[in-house]
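Trainee: Here's a structure for you.
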């Protein structure tokens with residue numbers, strides 16, 4: 001199976017416990033490494049600046065990710081975020097932003113019949129491009145995070161309701177939002193109601209994730225609660241939503257089973273967060289035990 005992941009590759013600057021480190025990030029990066037663990041072939045469609053580290057591209061390519069659709073901007077820097085962790089809170093700042101990924105940058109004929117993950121981080125994929133993708137892809141999957149973010153005068157990332165988010169939802173076979181992102185759109189409703197509202201607004205299915213609280217998955221007929229799989233320890237939650245969304249999409253496209261797809265997604269996340277960066281990701285066969293435990297506890301919400 002081919003999976004195209006569209007969105008900015010980024011450099012994340014992490015400030016925590018008095019230290020600072022840099023690493024590659026973005027939905028397209030986490031999604032690509034997760035896709036390979038589930039027997040899918042990832043293709044990244046992105047834009048970066050001349051300042052994007054060569055070793056990051058080499059890491060992707062050597063791992064088996066198709067990087068031929070990553071364009072280098074001559075005039076704009078790579079998108080960079082600074083994430084400051086204080087106690088249980090994370091404050092994010094946008095340091096620099098690369099060019100938008102426009103319709104002409106997307107290999108529309110190649111994506112025909114494939115799964116496409118719309119992994120915008122800061123609104124870089126306009127709705128008209130998503131519409132053209134949706135008309136060709138076998139499965140269009142969107143993460144709303146990039147469409148509910150705005151930057152304040154101090155460069156801090158804030159969540160706000162936007163017209164773009166409302167346009168993306170009905171173009172998507174599967175839409176993912178963290179619970180805080182969904183509440184920006186729909187108010188302080190309970191998570192299962194938020195999942196229902198996304199479907200009522202046109203998403204084929206919705207995924208509302210709540211970190212250690214699990215997730216809700218809604219279809220046009222049912223809403224399921226999916227508990228989080230148990231991790232041995234929690235080291236780094238970065239990329240959890242990206243991995244959940246990507247693994248769910250691949251598993252659902254392969255099996256058509258919503259509950260099983262969600263169970264494997266939860267299991268994949270439980271291993272991811274046990275190690276920093278991408279190091280926690282496991283092959284699909286290694287997830288089976290935890291996925292079966294989750295599946296046994298998936299509940300339909302009445």
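Trainee: If you take the residues of the range 77-100 that are touching a strand residue (DSSP E or B) at 6+ places or on another chain (Cβ under 6 Å) and outside any strand (DSSP E or B), which of them is surrounded by the most Cβ atoms within 10 Å (Cβ to Cβ)?
Mentor: 98
Trainee: Among the residues of the range 140-172, count how many are touching a helix residue (DSSP H, G or I) at 6+ places or on another chain (Cβ under 8 Å), without any contact (Cβ under 8 Å) to a residue 40 or more places away in the chain and assigned to a loop (DSSP other than H, G, I, E, B).
Mentor: Residues that pass the stated criteria total 4.
Listed here are the residues, each with its yes/no results for (1) over 25 Å from residue 75 (Cβ atoms); (2) crowded, with 23+ Cβ neighbours inside 10 Å.
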site: 8; (1), (2): no, yes
site: 11; (1), (2): no, yes
site: 25; (1), (2): no, yes
site: 36; (1), (2): yes, no
site: 44; (1), (2): no, yes
site: 49; (1), (2): no, no
site: 56; (1), (2): no, no
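Trainee: Taking the condition of being part of a helix (DSSP H, G or I) and closer than 19 Å to residue 227 by Cβ, how many residues in the range 183-195 meet it?
Mentor: 5
Trainee: Here's something else I'd like to know. Could you tell me whether residue 43 is touching a strand residue (DSSP E or B) at 6+ places or on another chain (Cβ under 8 Å), under 30 Å from residue 152 (Cα atoms) and in contact (Cβ under 8 Å) with a residue 12 or more places away in the chain?
Mentor: Judged against the criteria, residue 43 is not a match.
Trainee: In addition: What single numbered condition from (1) crowded, with 17+ Cβ neighbours inside 10 Å; (2) modelled with pLDDT under 95; (3) more than 18 Å from the chain's Cα centre (by Cα) fails to hold for residue 162?
Mentor: (2)
Trainee: Against the condition farther than 23 Å from residue 28 by Cα, surrounded by fewer than 21 Cβ atoms within 10 Å (Cβ to Cβ) and in contact (Cβ under 8 Å) with a residue 60 or more places away in the chain, how does residue 300 come out, does it pass?
Mentor: Here the answer is yes, as residue 300 does meet what is asked.
Trainee: Considering 18, 64, 49, which residue is modelled with pLDDT of 95 or more and on the phi > 0 side of the Ramachandran plot?
Mentor: When all the criteria are applied, what remains is 64.
Trainee: Could you count how many residues in the range 101-128 are within 18 Å of the chain's Cα centre (by Cα) and either in a loop (DSSP other than H, G, I, E, B) or free of Cβ contacts under 8 Å to residues at least 60 places away in the same chain (or both)?
Mentor: 11
Trainee: Which strands (runs of 3 or more DSSP E) does the range 201-285 wholly contain that include 3 or more residues that are buried (at least 24 other Cβ atoms within 10 Å of the Cβ) and in contact with a helix residue (DSSP H, G or I) (Cβ under 8 Å, 6 or more places away or on another chain)?
Mentor: 205-209, 215-218
The values are calculated or read from the model by the stated rules, or taken from the named source; none is laboratory data. Nothing here was measured: the structure is a model prediction, and the numbers come from that model. We place every Cβ from the backbone using ideal geometry, glycine too, and count neighbours over all the protein chains shown.
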